[in-house]
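Trainee: Let me give you the structure first, and then I'll get to my questions.
The values are calculated or read from the model by the stated rules, or taken from the named source; none is laboratory data. Only a predicted model underlies this, so the values are computations on that prediction, with no experimental measurement involved. Cβ sites come from the backbone with ideal geometry, for glycine too, and all protein chains shown count toward neighbours. Side chains included, ligands, DNA and RNA excluded: accessible areas come from the protein's heavy atoms. Shrake-Rupley method; radii C 1.70, N 1.55, O 1.52, S 1.80 Å.
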There are 2 protein chains.
Amino acid sequence: MELILPDQVTKETFDAAVEAFRLIVGEEWVLVTNEDRETYLDLYAPGDEAERRHAPSGAVVVDSVEQVQEIVRIANRYKIPLWPISRGKNFGYGGAAPVLAGSFILDMGRMNRILEVNEDLAYCILEPGVGFFDLHDYLTENNIPLWMSIPGNGWGSVMGNALERGFSRMPYGEHSNSICGMEIVLPDGEVVRTGTGAMANSKSWPLFKSGFGPAWDPLFMQSNFGIVTKVGFWLMPEPEATLTMRMSLPNPDDIGWLVDVLAPLRISGVIPHNVGIPNYMGSATTTTQRHEWYNGDDAIPDEVISRIMDRYGVGWWNFAITLYGHPQANEANRRVIEEAFKPHTEQEFSISYWKKGDPGGAPSPSVYPLRIVNWHGGRGGHIGFSPILPATGSEVYDQYRRTRNLYTDHGVDYSATFYVCGRHVINVNLMLYDKDNRDLTERTNNLFSSLVDASAVAGFGEYRTHLSYMDHVASTFDFNEGALRRLNESLKDTLDPNGILAPGKSGIWPERYRRGSQ
Amino acid sequence: MELILPDQVTKETFDAAVEAFRLIVGEEWVLVTNEDRETYLDLYAPGDEAERRHAPSGAVVVDSVEQVQEIVRIANRYKIPLWPISRGKNFGYGGAAPVLAGSFILDMGRMNRILEVNEDLAYCILEPGVGFFDLHDYLTENNIPLWMSIPGNGWGSVMGNALERGFSRMPYGEHSNSICGMEIVLPDGEVVRTGTGAMANSKSWPLFKSGFGPAWDPLFMQSNFGIVTKVGFWLMPEPEATLTMRMSLPNPDDIGWLVDVLAPLRISGVIPHNVGIPNYMGSATTTTQRHEWYNGDDAIPDEVISRIMDRYGVGWWNFAITLYGHPQANEANRRVIEEAFKPHTEQEFSISYWKKGDPGGAPSPSVYPLRIVNWHGGRGGHIGFSPILPATGSEVYDQYRRTRNLYTDHGVDYSATFYVCGRHVINVNLMLYDKDNRDLTERTNNLFSSLVDASAVAGFGEYRTHLSYMDHVASTFDFNEGALRRLNESLKDTLDPNGILAPGKSGIWPERYRRGSQ
């Protein structure tokens, strides 16, 4: 990928900044060849045009907080927009790529030290580059009985995933909730520590989230207000035993009563984790290609859906509940759950057990789910549409109907998971495409925009979105003519007057790049 | 109390502002007589001088968000510092009174509407003036099976308590954690809604905390960045049954092993709530006066402590654990807990049960604990010192020793509770005094300062403090020469350039009132 300069930056300024970066990190860690840039593109972007629109101009790979500070100071001097990444595996939402073309990647992948693991108080302190595999290896090799919560794609950064509010189906599955205490380099190069870490010799930085006075941590999530360089991160103590209950349901409209049964069990804590309810689609997309099933340009028809369900023995909707604790407590809660299901289905749960000392148990990272991008063949890509719904069957069913109809209208195969998280449901809808198929890619983009608009009309916003849709999604948050956007902008302009840090992230633009209302 | 004008405000300006306030809320809701001012003083302040140092100049009582906006705009015009209160019952930490003398109280006690209660999704939407009694009455009268978490003093505001990070020993006991979605009037009078409430027709405002992009809610807790006018607030579904286990321990050094036993049970979730461990003192202070026990000017000696323990049948440390859920799950977890205690004590737990349909169960608000202020007689007062510790027996024991020694040095009766909250412990230390006893009050103030300093040296900061000590406590957060304070100040100056909102709250001063480093 040839060089695209960031808006308002000349080639001379750019070159001077690159030279200055080299003095900080050394020649070999400033990456500005065409090949270098390729590695930071969003290869799964919804179309070549989208990939190009989010192309970086280069990358600087840092190894310490001090280097982050120096790079930030240089970026201010030359007004070079930086796009910080941990490991850059934010696939489906943009990978390593920046919103603003020509932004310079600040790559913290080498800052991958596990600074502390405390077994008794069940936390670790991590740098941005620590991946799920790294932490898993560390815990396993040192026989530390703490469990991780791991998303589908396990090669990403633990911190990066949590900062983007990734989640899993584990009890510690809301990863941003596990963050306790941050170290942040502000856009002016200052280092700040939050919570009780704001006391230099604090003994409770990774132990108590709030600190004294206002708490900042969630303001550095999905944001462009600072570069997080360390986090305290809570881990789950190994449970005594687990009991897993699985069930598959045959009909699309089962999702309604299922949510109504699961939500109160989740809210009351009988179910200790967010319950993911994927449809049949993942079984096919992770193991086969579409042409093995169907060749039409329309969405796969019901007949194909039936064949997929038959082949893999899955239902229209599928879910697993795991109970963690003393075996007798698990059994008691199992019966509570079974009672709640009885009025709705005659099916029995399929049950499996694990107890301390058995093999397995602790979850392991995997990259297996990434196979889905081969569904259409060619240069495959995927993008996720993830609105938040109230955890009621009627709202969820309506959203399912609305979404599936739009998928069908645009000829895209419906692939969805509903996560029952208690009071709310996160609905992750996947769109798979082949970037070599321009028509399909265009239909996917049109579908995505329609979904954002239709969901906003229904009262639902997204919790996270792809780079290309950040402005669109942000614009749906329209209370008091975008009061929250204005609040974000006023903080942005205060902390980052030169607009160097991740312009456009989550729809937040610094004054320098702001173009009227987004 | 005669009028004290705020710093930098003339009598003419003050009078003009008062007139303008009257036009908004009506004559009767602007309170500026000497008697009016009395009602907003911190009657429990550590000394008359402290009471005076935090005397307000008047109060304006508002009834709507629009009135809050208008008052804020007037305050900007005349540069009158405002001190917003919900119900003003923040006793032990300052009551209704402001940090800065002469601040005008913005009293939201009349905004006491319960805007919504949703039984299925277990939340309510509250205005600032809704008290624990109000919400409890509403739930009881409407037979809504949702339980509240209630602090010792039940006549305060549900929202106000949560914003100050109040807590209890219930599963929903970290009250700030129950806030989901806020409406805020910013210092310039703009209204903003956070989380998904930033979407005008959002259906998930009180259901999902984060929203899209950076999340602001915790930044409006213990802060002076905005006036919270509504919150979504989560309530606990009535459990199927409870099982309560009580134990008293005879020796001061039992606190060490007790914390080491409780912390892992709390972290793993076997114990579903923060466990409060008060010493013997509360039994005596809520029911008797000191002179009935002892007349010395030194701290009550061990002999008196023994008599108190004997009379009330309490231990040096006392605690209760409650399990909530299916009776068999509760029994299983009870056995897990009993097993964990066996190596340390031969005592048995005293056990009590409740199940759905039994009387009692849901906690009720009470003001009974406020009787403690009569301990010394006279115009009684109390103040709380509340550092955060790691949840390890050795750190907690050391802090107990350090604190008790300082109490003894200053001749103050040691009254402490340790709350085991999982990875951290909140240690609430109470100081009781009689404001008519100048010597005792002075010793209390000296003790308080010594505690802040000694704890900071040990690595512990406070999670909350009295008005008079906000600057002192804030100054102990010293990482990178007070980087967090500077970050707070830069946001403060951006949002509140006239410095009208709660100057000095949590040690955060607007530029106008800033005097070098605090």
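Trainee: Report, for chain A, the % of DSSP beta bridges that are antiparallel, rounded to 5.
Mentor: Roughly 85 percent of the DSSP beta bridges within chain A come out antiparallel.
Trainee: In addition: Please calculate the 1.4 Å probe accessible area of A:Met108, with all protein chains present, and give it to the nearest 10 Å².
Mentor: 10 Å²
Trainee: Continuing with the same structure: What are the label-to-label distances in nm, one decimal and shortest first, from A:Thr10 to the same spot in the other copies, with labels 7 Å along Cα to Cβ?
Mentor: Taking the point 7 Å beyond Cα along Cα→Cβ, the inter-copy spacings are 5.3 nm.
Trainee: Could I ask something else about it? So how strong a dipole does segment A:1-146 carry about its Cα centre when Lys and Arg Cβ are +1 and Asp and Glu Cβ are -1, to the nearest 20 debye?
Mentor: That gives a dipole near 480 debye.
Trainee: Here is a further query. Place the label 7 angstrom along Cα→C-beta at A:Asp453 and in each other copy, then list the distances from the first to the rest in nm, shortest first.
Mentor: Label-point separations across copies, in nm and ascending: 6.7.
Trainee: Separate question: In terms of the Cα gyration tensor, with a ≥ b ≥ c the square roots of its eigenvalues, is segment A:114-237 rounded because a/c is under 1.5, prolate because a/b exceeds b/c, or oblate?
Mentor: Here segment A:114-237 falls in the prolate category.
Trainee: Quick one: accessible area per residue over chain B, 1.4 Å probe, rounded to a whole number of Å²?
Mentor: 34 Å²
Trainee: When you have a sec, figure out the Kirkwood radius of the protein assembly as shown from all distinct Cα pair distances and drop it here in Å to one decimal?
Mentor: In the protein assembly as shown this quantity evaluates to 30.0 Å.
Trainee: How far apart, in nm, are two points set 7 Å out from the Cα along the Cα-to-Cβ line at B:Glu141 and at A:Arg515?
Mentor: About 5.6 nm separates the two model spin labels.
Trainee: In square angstrom, rounded to the nearest 10, how much accessible surface does B:Lys89 have for a 1.4 Å probe?
Mentor: For B:Lys89, solvent-accessible area is about 70 Å².
Trainee: Roughly how many Å² of A:Ile267 are accessible to a 1.4 Å probe, to the nearest 10?
Mentor: Surface accessible to solvent at A:Ile267 totals approximately 20 Å².
Trainee: Cross-link list B:Lys11/B:Lys79; A:Lys209/B:Lys203; A:Lys209/A:Lys230: which exceed 21 angstrom alpha carbon to alpha carbon?
Mentor: Where the Cα-Cα span goes over 21 Å, the pairs concerned are A:Lys209/B:Lys203.
Trainee: What is the angle, in °, between the Cα long axis of helix B:302-312 and the longest principal axis of the Cα atoms in chain B? Nearest 10 is fine, range 0 to 90.
Mentor: Approximately 90 degrees, to the nearest 10.
Trainee: If you don't mind, another one. What span do the alpha-carbon atoms of segment B:307-395 cover on each of the three principal axes, reported in whole Å from largest to smallest?
Mentor: Over segment B:307-395, Cα extents along the principal axes are 51, 40, 30 Å.
Trainee: Continuing with this model, one more query. Can you give the % of DSSP beta bridges in the protein assembly as shown that are antiparallel, to the nearest 5?
Mentor: Counting only bridges with both partners in the protein assembly as shown, antiparallel ones make up about 85 percent.
Trainee: To the nearest 10 degrees, how steep is helix B:483-495 against the longest Cα principal axis of chain B, on a 0 to 90 scale?
Mentor: Helix B:483-495 and the main axis of chain B meet at about 40 degrees.
Trainee: What angle, in degrees between 0 and 90 and rounded to the nearest 10, separates the Cα long axis of helix B:65-78 from the longest principal axis of the Cα atoms of chain B?
Mentor: 60 degrees
Trainee: Placing the label point 7 Å from Cα along the Cα-to-Cβ direction, what are the distances from A:Pro369 to the equivalent spots in the other copies, shortest first, in nm to one decimal?
Mentor: 4.3
Trainee: What residues have an amide H closer than 5 Å to that of A:Asp436, excluding those fewer than 5 places away on the same chain, when H is modeled at 1.01 Å from N in the peptide plane?
Mentor: So A:Asp436 has HN proximity to A:Arg379.
Trainee: Tell me, what is the percent relative contact order of segment A:114-237, built from C-alpha pairs under 8 Å that lie six or more residues apart?
Mentor: 30 percent
Trainee: When the label point is put 7 Å from the Cα of A:Asp439 along its Cα-to-beta-carbon vector, which residues of segment A:406-429 have a backbone N closer than 15 Å?
Mentor: Counting backbone N atoms under 15 Å from the label point, the list is A:410-413.
Trainee: Also: In what order, largest first, do B:Arg169, A:Arg87, A:Arg423 sit by accessible area if the probe radius is 1.4 Å?
Mentor: Greatest to least solvent exposure: B:Arg169, A:Arg87, A:Arg423.
Trainee: Mind listing the long-range amide H neighbours of A:His424? Cut-off is under 5 Å, sequence gap 5 or more, other chains count too, H placed in the peptide plane at 1.01 Å from N.
Mentor: Excluding prolines and chain starts, which carry no amide H, the hits are A:Ala391.
Trainee: Something else about it: Using alpha carbons only, how many angstrom separate the centre of segment B:436-515 from the centre of segment B:47-116?
Mentor: 19 Å
Trainee: Something else: Hey, could you get me the Stokes-Einstein D for chain B, Kirkwood radius over alpha-carbon pairs, 37 °C and 0.692 mPa s, rounded to whole µm² s⁻¹?
Mentor: This corresponds to a translational diffusion coefficient of 136 µm²/s.
Trainee: In segment B:462-484, what residues drop by 40 Å² or more in accessible surface going from the chain by itself to the full protein assembly, probe 1.4 Å?
Mentor: Hits at the 40 Å² cut-off: B:Phe477, B:Phe479, B:Leu484.
Trainee: Estimate the FRET efficiency between B:Ser64 and A:Thr345 by the formula 1/(1 + (r/R0)^6), using the beta-carbon distance for r and 41 Å for R0, to the nearest 0.05.
Mentor: Calculated value: 0.25.
Trainee: Next question, about the same structure. Taking square-rooted eigenvalues a ≥ b ≥ c of the alpha carbon gyration tensor, is segment A:397-447 rounded, prolate or oblate, where a/c under 1.5 means rounded and, failing that, a/b exceeding b/c means prolate?
Mentor: prolate
Trainee: Each residue of segment A:422-439 in turn: what ³J(HN,Hα) in whole Hz from Karplus with 6.51, -1.76, 1.60 and θ = phi - 60°, glycine and Pro shown as x?
Mentor: For segment A:422-439, the Karplus curve yields x, 6, 10, 10, 9, 10, 9, 10, 9, 10, 10, 8, 10, 5, 6, 9, 4, 4 Hz.
Trainee: Then there's this: Each residue of segment A:394-402 in order: what ³J(HN,Hα) in whole Hz does its phi give by Karplus 6.51 cos²θ - 1.76 cosθ + 1.60, θ = phi - 60°, with x for Gly and Pro?
Mentor: Running phi through 6.51 cos²θ - 1.76 cosθ + 1.60 with θ = phi - 60° gives 5, 5, 5, 5, 4, 5, 4, 4, 4 Hz.
Trainee: Could you run the numbers on buried accessible area between B and A, total for both chains, 1.4 angstrom probe, in Å² to the nearest 100?
Mentor: Rounded to the nearest hundred, the buried surface is 7100 Å².
Trainee: Percent of accessible area on segment B:114-237 owned by carbon and sulfur, 1.4 Å probe?
Mentor: After summing per-atom areas, the C and S share lands at 47 percent.
Trainee: Separation of segment B:211-285 and segment B:296-330 by C-alpha centroid, Å?
Mentor: Here the answer is 18 Å between Cα centres.
Trainee: Take every Cα pair under 8 Å in segment B:479-518 that's 6+ residues apart, average their separations, divide by the length, and report that relative contact order as a whole percent.
Mentor: Across segment B:479-518, relative contact order equals 35 percent.
Trainee: Collect residues whose amide H, placed 1.01 Å from N in the peptide plane, falls under 5 Å from the amide H of A:Trp317; neighbours closer than 5 in sequence don't count.
Mentor: Amide H to amide H, under 5 Å and 5 or more residues apart or across chains, A:Trp317 pairs with A:Leu249, A:Asn251.
Trainee: In whole percent, how big is the carbon plus sulfur part of the accessible area of segment B:312-390, probe 1.4 Å, protein atoms only?
Mentor: 51 percent
Trainee: Leaving ligands, DNA and RNA out of it, report the carbon-plus-sulfur percent of the accessible area of segment A:27-109 at a 1.4 Å probe.
Mentor: Result for segment A:27-109: 48 percent of the exposed heavy-atom area is carbon or sulfur.
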